[in-house]
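Colleague: Sharing a structure here in structure tokens format.
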Amino acid sequence: MKHVLLTGANGFVGKVLLDQLLMAGYQVSCACSTSNPTPRVGIDQVRLDIRDASACVATLERIKPTHIIHLAAISHVPTSFRHPLLTWNTNVLGSLNLLEAIKQQTPDAFVVFASSSEVYGESFQSGVALDETSPCLPINPYAASKLAAELAFEQYFKQGIRGVIARPFNHIGLGQSPDFVTASFARQIALIESGKQAPVIQVGNLEARRDFLDVRDVCAAYLQLLGLSDVQDHPRVFNIASGNARKIRDILDELVSQSTAVISVELDPKRLRPSDVPFAVGKCDRIRNVLSWEPKVPLNETLASLLADWRLRVEAEQ
Ligand code: A2R
């Protein structure tokens with residue numbers, strides 16, 4: 001039976017991916033860094049700080065997974081500016097600890113590393129959708145740490161470790177922190193509707209164009225990438241992208257149109273990133289051709305469910 005170790009299982013993506021892995025019939029062990037992971041009946045849960053090398057070895061020694069999906073990371077760009085050491089320690093040294101543990105304990109395991117489209121950085125200035133051969137020119141500590149981790153993975157791949165690197169573009173959906181733009185908009189609209197916030201939405205850069213994906217589509221891609229463990233020759237790096245450019249303003253307009261409240265918009269300079277790119281869109285030909293993956297959930301459906309979820313959460317806060 002295929003046995004997956006999922007790091008970062010208690011995060012935004014991890015929770016959705018766990019459901020999909022279980023639905024697909026995988027045995028799953030969840031690694032969570034928090035002392036209070038979301039309880040899941042019948043699921044093997046281990047507490048693991050990936051910055052602890054010996055704990056990584058002990059975890060793999062006990063679990064002996066056939067597959068690993070490595071999501072654990074500092075995943076928020078502004079946090080990476082505020083806490084660069086934490087970011088580098090977690091994203092780079094944490095990944096190295098995991099790779100060393102794989103090499104020692106489960107050298108035949110197949111690993112999917114969740115990197116990020118952020119690694120392309122400066123290359124997005126070209127204003128065209130980027131494929132996997134585009135230069136990686138990070139412009140923030142988060143992206144640089146993910147690229148450094150990619151290099152570490154590439155080195156271990158050369159030494160015989162099996163796996164792939166995924167570069168997901170902006171994924172959104174239920175459970176995402178309001179530190180991220182779509183969740184922030186949906187939360188503010190829900191607060192306004194319930195009278196808990198004045199009818200003004202605080203926004204950052206609305207003109208930026210991004211490649212938005214539903215988190216369920218991204219998780220479906222991770223699942224399909226796991227299937228490459230049965231394939232001899234395959235590419236190492238995969239964009240997970242839709243190829244569609246969406247203005248943040250259009251996302252806001254769509255969410256506001258789904259509300260009956262009368263809402264105005266105000267720029268909050270604190271929400272502007274020190275290094276924002278106007279256009280960040282990916283080509284998805286490789287994953288489409290190799291795995292026949294494509295995004296399935298329409299954006300307006302994702303946004304509707306996001307807003308519905310925030311209405312419930314805001315109501316529950318009373
Ligand atoms: O903060 P916690 O306790 O919920 O755990 C986070 C976990 N994490 C760690 N796990 C083990 N050892 C660490 N030192 C450590 N530091 C953080 O990674 C959290 O559960 C998870 C990341 O979840 P999110 O921040 O919600 O990220 P998301 O959106 O699920 O992204 C998944 C992956 C990340 O590697 C992104 O950079 C990538 O997809 O694109």
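The values are calculated or read from the model by the stated rules, or taken from the named source; none is laboratory data. Note that this is a predicted model, so its numbers are computed, not measured. A quick note on method: Cβ atoms are made from the backbone with ideal geometry, for glycine too, and the neighbour counts reach across all protein chains shown.
Colleague: Please go through (1) more than 13 Å from the ligand (Cβ to nearest atom); (2) over 19 Å from residue 290 (Cα atoms); (3) surrounded by 17 or more Cβ atoms within 10 Å (Cβ to Cβ) for residue 171 and return the number of the only condition it doesn't satisfy.
Modeller: Among (1) more than 13 Å from the ligand (Cβ to nearest atom); (2) over 19 Å from residue 290 (Cα atoms); (3) surrounded by 17 or more Cβ atoms within 10 Å (Cβ to Cβ), residue 171 violates only (1).
Colleague: Just one of (1) in a loop (DSSP other than H, G, I, E, B); (2) touching a helix residue (DSSP H, G or I) at 6+ places or on another chain (Cβ under 6 Å); (3) buried (at least 19 other Cβ atoms within 10 Å of the Cβ) trips up residue 242, so point out which.
Modeller: Against the list (1) in a loop (DSSP other than H, G, I, E, B); (2) touching a helix residue (DSSP H, G or I) at 6+ places or on another chain (Cβ under 6 Å); (3) buried (at least 19 other Cβ atoms within 10 Å of the Cβ), residue 242 comes up short only on (2).
Listed here are the residues, each with its yes/no results for (1) closer than 21 Å to residue 277 by Cα; (2) touching a residue at least 60 places away in the same chain (Cβ under 8 Å); (3) not assigned by TED's automatic domain parsing to the domain that holds residue 91.
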site: 132; (1), (2), (3): yes, yes, no
site: 139; (1), (2), (3): yes, yes, no
site: 164; (1), (2), (3): no, yes, no
site: 185; (1), (2), (3): yes, yes, yes
site: 189; (1), (2), (3): no, yes, yes
site: 203; (1), (2), (3): yes, yes, yes
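Colleague: Scan segment 202-213 for residues that are closer than 16 Å to residue 180 by Cβ and modelled with pLDDT under 95 and jot them down.
Modeller: Hits for segment 202-213 are 202, 203, 204, 205, 206, 208.
Colleague: Then there's this: Do the conditions hold for residue 181, that is, is it buried (at least 21 other Cβ atoms within 10 Å of the Cβ) and at pLDDT below 95?
Modeller: yes
Colleague: Now for a separate question. Which condition number does residue 297 fail, the rest of (1) outside any helix (DSSP H, G or I); (2) crowded, with 19+ Cβ neighbours inside 10 Å being met?
Modeller: Answer for residue 297: the failing condition is (2).
Quick grid of which residues meet (1) of a type in the set (A, V, I, L, M, F, W, C); (2) within 11 Å of the ligand (Cβ to nearest atom):
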| position | (1), (2) |
| --- | --- |
| 28 | yes, no |
| 41 | yes, no |
| 63 | yes, no |
| 70 | no, yes |
| 74 | yes, yes |
| 82 | no, no |
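Colleague: Quick check on segment 275-282. Is at least one of its residues of a type outside the set (A, V, I, L, M, F, W, C), touching a residue at least 60 places away in the same chain (Cβ under 8 Å) and in a helix (DSSP H, G or I)?
Modeller: no
Colleague: Something else about it: Which ranges mark the strands (runs of 3 or more DSSP E) fully within segment 7-102 that have 1 or more residues being surrounded by fewer than 23 Cβ atoms within 10 Å (Cβ to Cβ)?
Modeller: It comes to 27-32, 44-47.
Colleague: Of the numbered conditions (1) near the ligand (Cβ under 9 Å from one of its atoms); (2) at pLDDT 95 or above, residue 33 fails exactly one; give the number of that condition.
Modeller: Among (1) near the ligand (Cβ under 9 Å from one of its atoms); (2) at pLDDT 95 or above, residue 33 violates only (2).
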